[in-house]
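Nothing in this text is a laboratory measurement; each read-out follows from the coordinates by a stated rule. A quick note: this is a predicted structure, and the numbers were derived from the prediction, not measured. Note that each Cβ is placed from the backbone with ideal geometry, even for glycine, and that neighbours are counted across all protein chains shown.
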Amino acid sequence: MSTKLSRTEMLESMKARDASCDGLFFVGVKTMKIYCLPSCKAKLPLEKNVVFFFEQALALASDYRPCLRCKPNLFPNSEPAGFESLSGFVDAFRRQFGVSPGSYGRR
């Protein structure tokens, strides 16, 4: 497979839940504002509600959150930019939500 897949190829990989495509692209679900790995076992979204991202950082920048089922943010070699360290994560979290992760959890 080439690095940049067509929308049709990505849709087919998503429908087949092809784990070999995990990390090559991420599936965004417009209605839920989540992004998943292509192999996610959650119910398949309608094609009109799907957007694809080639980088996890782009999904995050578009205000999509990681799927709680397939956890694409924990996928090997798909670490979002700026999350190389714990302090990078805390800073990014604070910019996104306006509070630290600890304060957010106490809400």
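Straight-line cross-link partners of LYS30 among the lysines, defined as a Cα under 19 Å from its Cα and at least 8 positions apart when in the same chain: LYS15, LYS41, LYS43, LYS48, LYS71. Looking at segment 1-76, the DSSP beta bridges with both ends there are about 70 percent antiparallel.
The smallest convex shape that holds all Cα atoms of segment 1-76, its convex hull, gives 84 Å³ per residue. As a proxy for reagent exposure, SER62, SER6 were ordered by neighbouring Cβ count within 10 angstrom, fewest first; the result is SER6, SER62. Ranking of TYR35, TYR64 by neighbouring Cβ atoms within 10 Å, starting from the fewest: TYR64, TYR35. Computed from backbone phi with θ = phi - 60° and the Karplus coefficients 6.51, -1.76 and 1.60, the 3J(HN,Hα) list for segment 12-26 is 5, 5, 5, 5, 7, 6, 6, 5, 5, 9, 4, x, 6, 7, 10 Hz; x is used for glycine and proline. Maximal additional length on extending the SER103-ARG69 stretch stands at 9.8 nm, based on 0.36 nm per residue less the C-alpha distance.
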